[in-house]
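Comments concern the structure below.
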Amino acid sequence: MPNIQLFKGDLPDNVIFEHAVAVDTETMGLNLHRDRLCLVQLGDGKGNAYLVQILKGIDCPNLKKLLTDKKVLKIFHFARFDVAKIKNDLGITVSPVYCTKIASKLCRTSSPSHGLKAICYDLLGVQLCKEQQTSDWGAEALTVEQQQYAANDVLYLHALKEKLDVLLSREGRAELAQNCFDFLSTRADLDLLDFNSPDIFEH
């Protein structure tokens with residue numbers, strides 16, 4: 001069983017990540033401007049998940065320091081949304097970033113499915129339950145089921161990165177993937193300015 005710890009307002013001083021941290025977020029919805037950030041999940045790749053509830057009017061300096069630490073790689077799945085949401089709500093630019101969804105799309109072109117549930121099953125043989133995805137993440141007290149769901153979104157990202165890195169290297173697309181990851185901060189800026197519909201890269 002994973003070790004899950006829940007904190008309100010910020011990450012404690014004694015929780016430290018040395019080289020890489022898996023990151024995910026839960027929000028009240030998918031509108032970057034309207035729907036507030038409720039939870040940031042962190043995983044160390046060793047079976048430990050740290051959940052930080054974002055409270056209105058309370059700063060989170062330790063969390064911000066981690067997410068902007070250039071020495072710690074932040075591993076996301078669909079980083080485009082999370083990076084933009086964190087920038088909008090916390091006022092910081094997350095860097096450096098790795099996105100397992102982008103990596104999967106670049107090296108697993110034979111598969112039509114690149115969601116977290118699909119690639120966890122395909123690459124790790126892990127079956128994720130997504131029943132709590134649309135639950136109330138703004139609740140003051142999160143249920144055990146919500147905490148387990150939130151933790152699952154970061155517990156496997158380190159292992160997925162390892163698998164995907166092998167495939168990216170094999171297919172000669174590691175540099176392309178890195179260029180995509182480096183662009184995510186700009187992509188977040190474009191999304192926050194509503195340059196996503198229509199996308200400026202479309203004809």
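The values are calculated or read from the model by the stated rules, or taken from the named source; none is laboratory data. Computed from a prediction, not measured in an experiment: that's the story for all the values here. In this analysis, Cβ positions are derived from the backbone assuming ideal geometry, glycine residues included, and neighbour counts consider all displayed protein chains. Only protein heavy atoms, including side chains, enter the accessible area calculation; ligands, DNA and RNA are left aside. Shrake-Rupley method; radii C 1.70, N 1.55, O 1.52, S 1.80 Å.
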Report task. Pull up segment 43-54, narrow it to residues that are in a strand (DSSP E or B) and touching a Leu at 6+ places or on another chain (Cβ under 7 Å), then point me to the one that is most open to solvent (accessible area, probe 1.4 Å). Result -> 50
Query raised in the report: When residues of segment 107-119 are filtered for being assigned to a loop (DSSP other than H, G, I, E, B) and either under 21 Å from residue 32 (Cα atoms) or open to solvent by less than 20 Å² (accessible area, probe 1.4 Å) (or both), how many remain?
Result: 1
Report summary line: Subset of segment 186-203, residues in a helix (DSSP H, G or I) and more than 22 Å from residue 107 (Cα to Cα), comes to 186, 188, 189, 190, 191, 192
Requested in this report: Read through the list (1) open to solvent by 50 Å² or more (accessible area, probe 1.4 Å); (2) part of a loop (DSSP other than H, G, I, E, B); (3) among the aliphatic types (A, V, I, L, M), then give the number of the only condition that residue 139 fails.
Outcome: (1)
**Report entry** Filter result for residue 57 (assigned to a loop (DSSP other than H, G, I, E, B), small (Gly, Ala, Ser) and in contact (Cβ under 8 Å) with a residue 60 or more places away in the chain)
**Finding:** no
Query raised in the report: Only one of these conditions is not met by residue 75: (1) open to solvent by less than 50 Å² (accessible area, probe 1.4 Å); (2) out of contact with any His (no Cβ under 7 Å at 6 or more places or on another chain). Which number is it?
Result: (2)
Report task. Within segment 160-193, track down each residue that is surrounded by fewer than 19 Cβ atoms within 10 Å (Cβ to Cβ) and either modelled with pLDDT under 95 or under 25 Å from residue 53 (Cα atoms) (or both). Result -> 185, 189, 192
Query raised in the report: What is the residue count in segment 1-37 for residues that are open to solvent by 20 Å² or more (accessible area, probe 1.4 Å), among the charged types (D, E, K, R), at pLDDT 95 or above and part of a loop (DSSP other than H, G, I, E, B)?
Result: 4
Query raised in the report: Taking segment 78-106 only, how many residues are crowded, with 18+ Cβ neighbours inside 10 Å, in contact with a Cys (Cβ under 8 Å, 6 or more places away or on another chain) and not small (Gly, Ala, Ser)?
Result: 5
Requested in this report: Confirm whether residue 71 is basic (Lys, Arg) and part of a helix (DSSP H, G or I).
Outcome: no
Query raised in the report: Which one of the conditions (1) within 12 Å of the chain's Cα centre (by Cα); (2) free of Cβ contacts under 8 Å to residues at least 60 places away in the same chain; (3) open to solvent by 10 Å² or more (accessible area, probe 1.4 Å) does residue 70 fail to meet, given that it meets all the rest?
Result: (1)
